[in-house]
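Enquirer: Before I ask anything, here is the structure I am working with.
The values are calculated or read from the model by the stated rules, or taken from the named source; none is laboratory data. Note that the structure is predicted; figures quoted are calculated from it, not measured. Glycine gets a Cβ as well: all are built from the backbone with ideal geometry, and neighbour counts include every protein chain shown.
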Amino acid sequence: MSSTKKIVILGTAYPFRGGLAAYNERLARAYQERGDEVVIYTFSLQYPGFLFPGKTQYSSGEAPEDLSIKVRVNSVNPLNWWRVGKEIRALRPDVMIVKFWIPFMAPALGTIARVVRKNKHTRIISIIDNIIPHEKRAGDRLLAKYWVGSVDAFVVMARAVEQELRQFTTSKPVRFNPHPIYDNFGERVPKQEAKKLLGLDTDTSYVLFFGFIRDYKGLDLLLQAMAESKIRDLGIKLIVAGEFYTDKTPYLKLIEELNLKDRIVLRTDFIPDAEVGKYFCAADVVVQPYKTATQSGVTQIAYHFEKPIITTDVGGLAEIVVDGRDGYVVQPEVGTLRDAIFRFFNEKKEEEMVEYVKMDKSRFSWQKLLENIDNLLAE
């Protein structure tokens, strides 16, 4: 195999928005930086409108000029899957990398992969977010099995996902590689400047909850923790930055019942990429109160912006954050979240933990991910 590779990335990218697009585009750039030839095949239709929980699937920004992106894949049209598969098969890439996150996509992505593999040259590597989703539906396991049968080897970003994946295959190669750092949201700015840019009180300390709001992410636990008297007495506030992907009514009702309106900053529209860094830079600490999880790109945005993290001990989150060093790892309970937040501010842990974050974030490079994919191809 030549030192320069021909790479196809199949999955979400511009004109779509969100973490999946950010990941695939950043992965493409990592390959380009290494000198490889890369093209992304993204969706012409990702989700039918009635299946999408947010306001829009599409980016409002400009198309990235440095990437080759082909808008081709219709997730619900089997004839399209065969056409796209034949187009990629004819390109004869050395590897096609597919990020898999939801069983709904298994028929489309799995069929394309099967068609591509018929060229007897291209290897299919799947980066698995979840093989069994957090919000389970009938047929998930059957669809997951179909996807696993389409793939030559896997990268998982959490040990828990590897264990779940082994329910579907015991023979195919699997490599563990933590989610690399998201360094594509701009540079750090001073905390006070970030607060001013967001229209926040510069004399107040802030906790940040960031990302799409789904029930499994435990925002309700964090709201209850913020209502505890020992947290109120600290005078801190919580920024909730991210779009509701679930019914917002119970959360707004909880804020009302807990008398938290003056302690919460709600920014619950989609946060454009250009604005993401401001929220992290304005915060003292990022809190991930998830009830279930595998891994999270939010953790790696926090590392890029050198922010300590309070996270729950679910899925692979505790594999990233070192308890007591660059943050705290606690159980997904109101009391443990409350105590960790209190300890962080009461003991003035920010400066110490930031220094550890700076040291620890070097563990999560994109080059390490590329090396692991190369090792899978060698196997």
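Enquirer: Answer yes if at least one residue in the stretch 52-71 is assigned by TED's automatic domain parsing to the domain that holds residue 126, of a type in the set (D, E, K, R), at pLDDT 95 or above and surrounded by 17 or more Cβ atoms within 10 Å (Cβ to Cβ), and no otherwise.
Expert: Within the stretch 52-71, none of the residues are assigned by TED's automatic domain parsing to the domain that holds residue 126, of a type in the set (D, E, K, R), at pLDDT 95 or above and surrounded by 17 or more Cβ atoms within 10 Å (Cβ to Cβ).
Enquirer: Tell me, which strands (runs of 3 or more DSSP E) wholly within the stretch 37-146 include 3 or more residues that are under 19 Å from the mean Cα position of the chain (by Cα) and not aromatic (Phe, Trp, Tyr)?
Expert: Hits in the stretch 37-146: 95-100, 123-128.
Enquirer: Taking the stretch 3-22 as the search range and keeping residues that are more than 19 Å from residue 59 (Cβ to Cβ) and in a strand (DSSP E or B), which one is farthest from the chain's Cα centre (by Cα)?
Expert: If we take residues in the stretch 3-22 being more than 19 Å from residue 59 (Cβ to Cβ) and in a strand (DSSP E or B), then 6 is farthest from the chain's Cα centre (by Cα).
Enquirer: Under 6 Å between Cβ atoms, at least 6 apart or on separate chains: pull out the pairs that start in the stretch 166-193 with a residue that is closer than 18 Å to residue 354 by Cβ and end on any residue that is modelled with pLDDT under 95 and in a loop (DSSP other than H, G, I, E, B).
Expert: Once the first residue is closer than 18 Å to residue 354 by Cβ and sits in the stretch 166-193, its partners that are modelled with pLDDT under 95 and in a loop (DSSP other than H, G, I, E, B) give 181/364.
Enquirer: I've got another one for you. Can you tell me which of 88, 97, 131, 124 is touching a Gly at 6+ places or on another chain (Cβ under 9 Å) and buried (at least 19 other Cβ atoms within 10 Å of the Cβ)?
Expert: 97
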